[in-house]
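**Q** The structure follows.
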Amino acid sequence: MKARDLPAMLGAVLLVLLAAATLSAPWLGADPEAMNLAAIHAAPSLAHPLGTDELGRDVASRLLHGGRVSLAVALATALLAALLGTTIGLVAGYRGGWVDSTLMRLTDGVMALPLLPLLIVLAALDPAKLGIGDEARSSEAFMVGRMVVIIALVGWTGAARLVRAQTLSVKTRDYVRAATALGATPGRIMIRHILPNVASPMVVAATLSVGNIILVESALSFLGLGVQPPMASWGNMLTGAMNVIWSAPDQALWPGLAIFVTVLAFNLAGDGLQRRLDPRR
Amino acid sequence: MTAWLTSRLLQSLAVLVVMSLVVHGLMALMPGDPIDLMIASDPHLTAADAIRLKALYGLDRPWGERYLAWAGQVLRGELGYSRLFAKPVLDIMAPAIVNSLTLMGSALALSLLVAVPLGVFASRRPGGWADHLVNTVSFASVSLPTFWLGLMLMVLFAVKLGWLPAGGMQSLTGDSGGIVDSLRHMALPVATLAIAGIGQYARHTRAAMLNEAAQDYIRTAKAKGCGPRRLVWRHQFRNALLPLVTLLGLEFGNLFSGALITETVFGWPGMGKLIADSVMGNDFNLALTALMLATAMTLLGSVLADLAMARLDPRIRLR
């Protein structure tokens, strides 16, 4: 291992620790939604390692549970966006012609849009008007799923461009021409022969995208359009902290630090992967 | 060149029309409609009034018809009234645009002023200590959630130290609206946006500088006996600026659409806060117009960046 791999290792170690901490959240510490109005803004103690918030809830436990939500949303979104982008990029690159130019115009169009305002519009849609029932609407799974879908809907463009460019260069290789000559169907060629060759840059791009997705998700939750209280998320914990900024200014520290460290860890790990897979850099 | 420009503008127009369809359609899927909200706020309105009002505003007609009616009005320059502010949309948007331009322009200038020298500095010896330092700063900067950065600056400078105001554009009392007062209110939001932008500009500058360092003309200049300072600034740096122009073109749209989150955190009455407030407050005309303007400016920015590139770089021909 070389010295320049150190930051990437640091990122990877941080990610493992984060995953372990958030996955074990249900067995550690207090109920994140249990209020105790007799002990609001309590100082750190053995029972509450990071103190309590404006409703007397345990901050450490809310951080861990919020982290579960943020990480789950981010990983699922990165996966869905990569899936969408890869499909579009593969088809555009392999088919070429009008299919390619239509799909790429679409990609350019989505890329040209102001993303945050668009996400706010998507997040503010009324699920009732989309025909989703009351029961489903109030479930936590729906809340999380909705974030995943809307962020993936605007986040697939980078992957599509990357995969298309790779596909264009791979499809002229001899083994692809051999497969065509042997009568393989386009679907089989795309999945068995081209996809494995575009996979590694895709993994890098997906890893690097997770950090950004966490930033977007926490921003939406911060604005009140993402994960709704009482369910904890790093973004909505900061909304709470902002409301009490004059009486309890330290409340804003931990959730933001958690976001920062997580995003940094994903960026460092992604960058390290990129160096590994692309020796020219 | 003219043909290129025409086709690019037509393409942008097409994206804009598609975007208007999408946004107009999405707005119809927002919770409630204006009349329902009116009824909720006025107990004297009856169901019959509601039906009459819906007919008056055309809300009983199908969506396609409503879109065409709206598009027709916009093309005639009638942007309508803002429900949230009870004023014409243009009267609300004009000051918000000016406020966003002030905020974003200052932040961008400050960001570039720090980031470009940092990037150049880092590129002098790739892998050296300066490079590592700049790289670390860049990583931290792109990983920072802007709203948290804003909150932390607010906690430190407004709550704990009490040096600067926590939000708004001017004080309500005392030296209200004076230059010093305005600058004091700008300090925190501008610092937030500038710090958040430094990372990406420094990284791009460094990458562009290294890319130029490998070119033949650099070797030629060196062989002719060009000194290191002149080599970096007159030869390498001037060419490395070109890719930054593209980046600035992408930033152009943001100058007009503002910084949604930072403006919300600091209560800065710019376009970003306006978009957030109007979307969440169900202000149909205002939200639609603001979103369309933001999109149009983003598209215009990328056309301008291409034009500037062609003008600055003789190797590029626009066709």
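**Q** Got at least one residue in the stretch B:286-298 being touching a strand residue (DSSP E or B) at 6+ places or on another chain (Cβ under 6 Å) and either modelled with pLDDT of 90 or more or part of a helix (DSSP H, G or I) (or both)?
**A** Yes: the stretch B:286-298 contains one or more residues that are touching a strand residue (DSSP E or B) at 6+ places or on another chain (Cβ under 6 Å) and either modelled with pLDDT of 90 or more or part of a helix (DSSP H, G or I) (or both).
**Q** Residues in the stretch B:247-270: is at least one touching a residue at least 12 places away in the same chain (Cβ under 8 Å), small (G, A, S) and within 21 Å of B:W70 (Cβ to Cβ)? I'd like the intermediate steps shown before the answer.
**A** Residues of the stretch B:247-270 that are touching a residue at least 12 places away in the same chain (Cβ under 8 Å), as a first pass: B:247-270.
Then drop every residue that is not small (G, A, S), which leaves B:249, B:253, B:257-259, B:267, B:270.
Those still in the list that are within 21 Å of B:W70 (Cβ to Cβ) too: B:257.
Yes: one or more hits.
**Q** So B:K222 ticks every box in (1) at pLDDT below 85; (2) crowded, with 20+ Cβ neighbours inside 10 Å; (3) not aromatic (F, W, Y) but one. Which box is left unticked?
**A** (2)
**Q** Now for a separate question. Taking the options A:A159, A:A112, name whichever one is within 11 Å of chain B (Cβ to nearest Cβ) and not basic (K, R).
**A** Sole residue among the options that is within 11 Å of chain B (Cβ to nearest Cβ) and not basic (K, R): A:A112.
**Q** Now for a different question. Working only within the stretch B:154-166, note down all residues that are crowded, with 16+ Cβ neighbours inside 10 Å and either touching a residue at least 40 places away in the same chain (Cβ under 8 Å) or at the interface with another protein chain (Cβ under 9 Å from one of its Cβ atoms) (or both).
**A** Across the stretch B:154-166, the qualifying residues are B:M154, B:V155, B:A158, B:V159, B:A166.
**Q** So, restricting to helices (runs of 4 or more DSSP H) that lie completely within the stretch B:75-153, which ones have at least 2 residues that are within 12 Å of chain A (Cβ to nearest Cβ), of a type outside the set (S, T, N, Q) and over 17 Å from B:L293 (Cβ atoms)?
**A** Values: elements: B:89-124, B:129-143, B:146-153.
Ranges flagged: B:129-143, B:146-153.
**Q** Here's something else I'd like to know. So, in the stretch A:153-199, exactly how many residues are buried (at least 17 other Cβ atoms within 10 Å of the Cβ) and part of a helix (DSSP H, G or I)?
**A** 21
**Q** Across the stretch B:269-297, what is the number of residues that are crowded, with 24+ Cβ neighbours inside 10 Å, more than 7 Å from every other protein chain (Cβ to nearest Cβ) and within 14 Å of the chain's Cα centre (by Cα)?
**A** Within the stretch B:269-297, residues that are crowded, with 24+ Cβ neighbours inside 10 Å, more than 7 Å from every other protein chain (Cβ to nearest Cβ) and within 14 Å of the chain's Cα centre (by Cα) number 5.
**Q** Could you check the stretch A:214-252 and list, in sequence order, the residues that are in contact with a Lys or Arg (Cβ under 8 Å, 6 or more places away or on another chain) and either closer than 16 Å to B:M280 by Cβ or facing chain B (nearest Cβ under 8 Å) (or both)?
**A** Narrowing the stretch A:214-252 to residues in contact with a Lys or Arg (Cβ under 8 Å, 6 or more places away or on another chain): A:232, A:237, A:249.
Of everything in the stretch A:214-252, just one residue is in contact with a Lys or Arg (Cβ under 8 Å, 6 or more places away or on another chain) and either closer than 16 Å to B:M280 by Cβ or facing chain B (nearest Cβ under 8 Å) (or both), namely A:P249.
**Q** I've got another one for you. Within the group B:S138, B:S111, B:S100, B:S123, which residue is closer than 27 Å to A:L264 by Cβ, among the polar types (S, T, N, Q) and under 18 Å from the mean Cα position of the chain (by Cα)?
**A** Going through B:S138, B:S111, B:S100, B:S123 in turn, the sole match is B:S111.
The values are calculated or read from the model by the stated rules, or taken from the named source; none is laboratory data. From a predicted model like this one, the values you see are computed outputs, not experimental measurements. As a convention, Cβ positions derive from the backbone with ideal geometry for all residues, glycine included, and neighbour counts pool all protein chains shown.
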